[in-house]
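Some notes on the structure that comes next.
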Amino acid sequence: MTAQEQVLMEGSEAIALAAIAAGCRFFAGYPMTPFTEVLEHFAKHLPGVGGTCINAESELEAVGMAWGALATGARAATGSTGQGLSLMQESFSEITLAELPLVIFNMARGQQDYFQATRGGGHGDYRHIVLAPMDISEAVELTQLAFHLADRWRNPVLVYGDYLTAHTRQAVTIDRIDFGGVPDKTWALDGSTTGTRASKLVSPLGFGKHGHPNPGIEQHLRKISAKHREIEQTEVRVESGYLDDAETVIVAFGTPAKFVRYVVQQLRAEGERVGYVRPISLWPFPYAAVTEAAQTARTVAVFELCAGQMIDDVRLGALGTAPVVGIGGISTDGSGFGVGPLLDAEHVRARILAVHRGGAGAELPRLPDNERTTG
Amino acid sequence: MSTSVPLGPVIDTTVAPDAARKVGDLTPDLLLTQEHHMCPGCGEPLVLRSFLEALTELDVAQRSVAVLGIGCYTSFGMTMDVDLIQALHGRAPSVATGVKRMLPDSIVFTLQGDGDMVNEGLQEVIHTAARGENVTCILLNNGVFGETGGHMTATTVIGQRTKNSLEGRDAEYHGYPILIGDLLARLDGAAYVARGSVHNAGAVARTKKMIKRAFEIQRDGGGFTFVEVLTMCPTGWFIPTVDGPEYLHDTLGEVHVMGELKEGGRIKSTEELYAENVKRQHEIESRLAAGGLEEEA
Ligand code: SF4
């Protein structure tokens, strides 16, 4: 593929090719809708560049295999849906403590996994950088950024997509993006330091080899935590629009944010004073952007396709200066894998207008039901 | 009711006994220190020595990567001079897989206990064997979770007393032990499966040969290799230290029988191995009676 050439491509293939362009040479996963095609495309494309893709016996082994590949210094990734990632949580926590640059793909099912992505089900104080593309071309960019940030910080990075990210098509260009240098992987091992009295140890436990620094688990945990505070200061990514005089500010991320942005643009053209904030990094969350927007807004509305997960962070950002209200809701297709009928510009518009006119206490239009309920 | 265990004379181990003399330095090259964190009478350090010596003797040390599970042996991670990855409980075989796929010319091995491998991570070792992954898994099998203080594992034998089988493992209540070596031997991807023991010097020597054989097969790209080693855990068995080897031989050793379960494509049953061992014992005894033993090649 030559530079600038655009190809109409399914999101899952674009993600796999973007990862390979970023230098990913190892992938292990277990099929699960709607993530399966991401695995398929890694399986198809990795061998051609000298890489390996393993269809692991379960998600537990998939993440373990990626762990081993990462320890050798390779760029490696795994992924699943939220369900599969639930199984990997123990390893996620430990890989964070072992400071390995894992990239994780979540193609979330209809339930939405914001809690899992930003809080996790794993143990301890661990944090993952979480990037949420709103469409496929942004997924191509954020996938490559994920590998860069993982190496830059020696910390896992999760790319959060959904059924539409994985299964719709868009014209994209996949060229390697240069995000600048990353530190040398002097910690990576290949067996060559065995027997040299300077053999290496990749461990989450904070101990070193005999005769080498042994900070112990307490100091190790503090070091990781300090690194996470630094990431919070430097890696916030957010897009916003029309905030200057906005009376109603809508906060949304990922695919739904693209719908929200479109509707806000429409309403602005009609003279409505509405604006939006789109967190691109879910962790670190753009609290400052929400705090600022809440200063002048009458209402902060959160549109997400679940009972309300990101709304907790929006409330923390708004700090009580403006009421925060959820205007989304649970909406899946009949299978639960895909996106439900609520993700439609007309429904989004009606709900934004309801709070824009009626304020935080406004009654919202009834949630549309999927074809199974109505059919 | 309380039973007191005769302790025997208390020996002060902080000073060298009068008659002690150093006959030579037998520390393996790949050991960073002789300090350790294990109980007196523990069998695990004997396996550590065996595989460290095997790596040196095969001249593959500087392309060797170890992956450790979680158990008492985890502390070897600090003392062995081997590039090493600390894995989660049960998860070492998949980590080893990732390493090997990225570094096909390296010698990759896991070190896991019975709780780690046969309880927590059973499907990991089975699938790694089935894939014919070109790595070596070493199992330290003492039939208990030593680190937590002597609890029943999937390899605890019937009748064996542990903290959660106080009256002895009862098949009806606790189920049967898993003979992991026998299970793995039947998988096509497994090239070599052996079970050693460290209850006496002869067994240690035999075990080291098994580990060496496994590494050789891996070096030559032969596929998945597995060496299980029965080890003493007097602490977890609640017996006097000196009784460890005999207890190992008479309890675990009677069920998890020592020998090569799969070699050159031939699978041997527990009965065959048992018969082999009896024959071997008789041979040794008659050779001893005839004037002594030459070291086996
Ligand atoms: S508890 Fe058992 S396995 Fe652990 S160090 Fe002591 S004797 Fe060895």
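The values are calculated or read from the model by the stated rules, or taken from the named source; none is laboratory data. Since this is a predicted model, take the numbers as computed values, not measurements. Reconstructed Cβ throughout: ideal geometry from the backbone, glycine too, with neighbour counts over all protein chains shown. Ligands, DNA and RNA are excluded from the accessible area calculation, which covers all protein heavy atoms including side chains. Shrake-Rupley method; radii C 1.70, N 1.55, O 1.52, S 1.80 Å.
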I'm checking my understanding of the structure. Among residues of region B:201-236 that are more than 16 Å from the ligand (Cβ to nearest atom) and small (G, A, S), which one is surrounded by the most Cβ atoms within 10 Å (Cβ to Cβ)? B:A214
Taking only region A:188-226 into account, find how many residues are open to solvent by 40 Å² or more (accessible area, probe 1.4 Å), among the polar types (S, T, N, Q) and not in a helix (DSSP H, G or I). 3
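Quick test for you: out of B:V95, B:V99, B:V125, pick the one residue that is more than 8 Å from chain A (Cβ to nearest Cβ), within 25 Å of A:L97 (Cα to Cα) and in a helix (DSSP H, G or I). Break it down into steps so the answer makes sense when it comes.
Working: B:V95 fails: more than 8 Å from chain A (Cβ to nearest Cβ); B:V99 fails: more than 8 Å from chain A (Cβ to nearest Cβ).
B:V125 is the lone residue from the list that is more than 8 Å from chain A (Cβ to nearest Cβ), within 25 Å of A:L97 (Cα to Cα) and in a helix (DSSP H, G or I).
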Residue check: is B:D25 open to solvent by 80 Å² or more (accessible area, probe 1.4 Å), within 28 Å of B:K209 (Cβ to Cβ) and within 11 Å of chain A (Cβ to nearest Cβ)? no
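For B:G264, state whether it is small (G, A, S), in contact with a Phe, Trp or Tyr (Cβ under 9 Å, 6 or more places away or on another chain) and open to solvent by 30 Å² or more (accessible area, probe 1.4 Å). Spell out how you get there, then give the answer.
Details: small (G, A, S): yes; in contact with a Phe, Trp or Tyr (Cβ under 9 Å, 6 or more places away or on another chain): yes; open to solvent by 30 Å² or more (accessible area, probe 1.4 Å): yes.
In short, yes.
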Those residues of region B:262-277 which are over 14 Å from B:G181 (Cα atoms) and either assigned to a loop (DSSP other than H, G, I, E, B) or in contact with a helix residue (DSSP H, G or I) (Cβ under 8 Å, 6 or more places away or on another chain) (or both) amount to B:G264, B:G265
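For every residue, the table says whether it meets (1) more than 25 Å from B:G196 (Cα to Cα); (2) assigned to a loop (DSSP other than H, G, I, E, B); (3) of a type outside the set (S, T, Y).
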| site | (1), (2), (3) |
| --- | --- |
| B:P9 | yes, yes, yes |
| B:L26 | no, yes, yes |
| B:D29 | no, yes, yes |
| B:L46 | no, no, yes |
| B:L55 | no, no, yes |
| B:Y73 | no, no, no |
| B:F76 | no, no, yes |
| B:P104 | yes, yes, yes |
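Residues to consider are B:L122, B:L166; find the one that is farther than 26 Å from B:T225 by Cα and away from the ligand (no atom under 16 Å from the Cβ).
Working: B:L122 fails: farther than 26 Å from B:T225 by Cα.
Among B:L122, B:L166, only B:L166 is farther than 26 Å from B:T225 by Cα and away from the ligand (no atom under 16 Å from the Cβ).
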Restricting attention to region B:134-154, report how many residues are open to solvent by less than 10 Å² (accessible area, probe 1.4 Å) and more than 16 Å from the ligand (Cβ to nearest atom). 3
Filter region B:25-76 down to residues that are hydroxyl-bearing (S, T, Y), closer than 19 Å to A:G191 by Cα and more than 11 Å from the ligand (Cβ to nearest atom), then give me how many there are. 3
Selection from region B:163-198 of residues open to solvent by 70 Å² or more (accessible area, probe 1.4 Å) and either under 27 Å from B:T128 (Cβ atoms) or assigned to a helix (DSSP H, G or I) (or both) yields B:E172, B:Y173, B:Y176, B:L183, B:R186, B:D188
